[in-house]
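The block underneath contains the structure these notes are about, expressed in structure tokens.
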Amino acid sequence: MRDYAADLEPHILKILHASFGAKWGDAEFWRWKHSSRPGFSPSDVVVCAAADRPIACFHLTIRTIRLAPGVEIRCSVEGDFAIEPDARGAGIPQKAYRYVSPRLVSRGVVVRAGFSSRDLFEHVYKSKFGHRMPPTVTAQYRKILSDRALHGKLQEFGEAARVHPWSQRFLRSPLTVRLKVEGFQPCDLVLTATAASCTPSGTGRPDLTIKMPYVLLTAARLSPFRAMLTVLESMICGRVRTAGLIRVMFRGLRARRSGP
């Protein structure tokens, strides 16, 4: 068993592709997900080798989970378990699992967790590791996107917003909205009557600035009541702030008065 080192990276990607196919992702995606993320430790990636040939890899990250006010625990979130096809059936996952266990204890981890389909849970995680799947959902986990992926999502939102008739009066000239989403670098969503684009923030003055928590971007997926509570809570706690809103509203009113 070896911890991550740069020379192992091509072997890790080869093993992942052998298990999940090329659709799993490329080297850039692997680095974003693992070695380049904040808090990464080489011990978060374990590679198993036989006769100096890497044949399996296992990935994890350690996070703090809040169970209740004042009650937080350290938890490992594990995944991307992959084994070369010709090396399967030799108990390698269990060996890697036992190899990592005392090291997690030394890092203060008290719970080991992961995300799985029902089929993988029944055939792998339950039988090999003794995991249990919660029978009901009492909380939601949201994967934080990269800045690049966030830009893509915001651009999709901008495209959907600009085609509405009510928005056209605001877009007779380009509208620049600077978004400061908690946990991400500021970005500029530029809307015109014919297109939308989202890029890292420039140095120019935006028409509208919005500061918000990431959870507001996911509110549309909640029930209407939960979404309303989420928005109200963010506003009451001061996590939503705007600058330039009145100026943009007057811009829309002027456009309305001038007619088509």
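Nothing in this text is a laboratory measurement; each read-out follows from the coordinates by a stated rule. Predicted model only: the values in this text are computed from it and were never measured. Because the Cβ atoms are built from the backbone with ideal geometry, glycine has one as well, and the counts that use them run over all protein chains shown.
Only Cα pairs under 8 Å and at least 6 apart count here; give the relative contact order of the chain as a rounded whole percent. RCO, the chain: 11 percent.
Each of GLU9, GLU122 has some number of other Cβ atoms within 10 Å of its Cβ, and from fewest to most they run GLU122, GLU9. Residues HIS151, HIS123, HIS164, HIS11 in ascending order of nearby Cβ atoms (within 10 Å, fewest first): HIS164, HIS123, HIS11, HIS151.
Would you order LEU191, LEU16 from fewest to most other beta-carbon atoms within 10 Å of each residue's own beta-carbon?
LEU16, LEU191
For the chain, the mean residue ellipticity at 222 nm estimated from helices alone is -10000 deg cm²/dmol, where every DSSP H run of n ≥ 4 contributes -39500 (n - 2.57) and the total is divided by all residues, rounded to the nearest 500.
Just need the relative contact order of region 2-129 here, percent rounded to a whole number, with Cα pairs under 8 Å and 6+ apart.
Worked out over region 2-129, it gives 22 percent.
Counting only lysines at least 8 places from LYS33 when in the same chain, those with an alpha carbon closer than 25 Å to its own are LYS14, LYS23, LYS95, LYS143, LYS153, LYS180.
Helices that extend 15 Å or more along their long axis by alpha-carbon positions and average at least 1.0 on the Kyte-Doolittle scale are, among the DSSP H runs of the chain, 224-236. Only one residue of GLY25, ILE62, GLY89 has its Cα farthest out toward the positive end of the dipole of region 2-129, where Lys and Arg carry +1 and Asp and Glu -1 on Cβ, and that residue is ILE62.
Using Cβ point charges alone (K and R +1, D and E -1), the dipole size of region 47-158 about the Cα centre works out to roughly 400 debye. For a straight C-alpha distance cut-off of 18 angstrom, the aspartates and glutamates reachable from LYS126 (same-chain residues fewer than eight places away being disregarded) are GLU78, ASP80.
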